[in-house]
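Have a look at the structure below before the remarks.
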Amino acid sequence: MRSINPTRGTQGTQSLQATISGQNLSGAQDVTFSGTGVTLNRIISSDANSITSDIAIAANARAGARSFTV
């Protein structure tokens with residue numbers, strides 16, 4: 001993966017559309033985030049170079065950087 005946009009969100013957000021850019025992403029079925037409190041609601045679309053996803057950030061999610069895997 002090269003990037004995720006937006007690079008930050010607000011605690012308590014139920015639906016944040018985020019785009020992940022990279023290579024070989026078509027057919028992706030899951031995105032997971034390190035730590036707790038940030039979860040994938042659904043993948044909206046994907047192609048070879050990007051995934052558009054809908055994520056949730058819990059109100060009690062710890063602030064700070066996260067890593068993610070596809």
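List of remarks:
- Residues in the stretch 1-24 that are farther than 19 Å from ALA61 by Cα and charged (D, E, K, R): ARG2 only.
- Identity of the residue in the stretch 5-33, in contact with a Phe, Trp or Tyr (Cβ under 7 Å, 6 or more places away or on another chain) and not aromatic (Phe, Trp, Tyr), that ends up least open to solvent (accessible area, probe 1.4 Å): VAL31
- Residue in the stretch 50-70 that is over 17 Å from ASN5 (Cβ atoms) and touching an Asp or Glu at 6+ places or on another chain (Cβ under 6 Å) present: no
- Yes/no for VAL38 being in contact with a Leu (Cβ under 7 Å, 6 or more places away or on another chain) and either open to solvent by less than 70 Å² (accessible area, probe 1.4 Å) or at positive phi (or both): no
- Leading residue by the ranking (surrounded by the fewest Cβ atoms within 10 Å (Cβ to Cβ)) among those in the stretch 41-68 that are of a type in the set (Ser, Thr, Tyr) and under 9 Å from the mean Cα position of the chain (by Cα): THR52
- Screening the chain for strands (runs of 3 or more DSSP E) wholly inside it with 1 or more residues that are free of Cβ contacts under 8 Å to residues at least 60 places away in the same chain and among the basic types (Lys, Arg) returns the ranges 38-46.
The values are calculated or read from the model by the stated rules, or taken from the named source; none is laboratory data. Everything quoted here is computed from the prediction, not taken from an experiment. All Cβ positions, glycine included, derive from the backbone under ideal geometry; neighbour counts span all protein chains shown. SASA here: full protein model, heavy atoms, side chains in, ligands and nucleic acids out. Shrake-Rupley method; radii C 1.70, N 1.55, O 1.52, S 1.80 Å.
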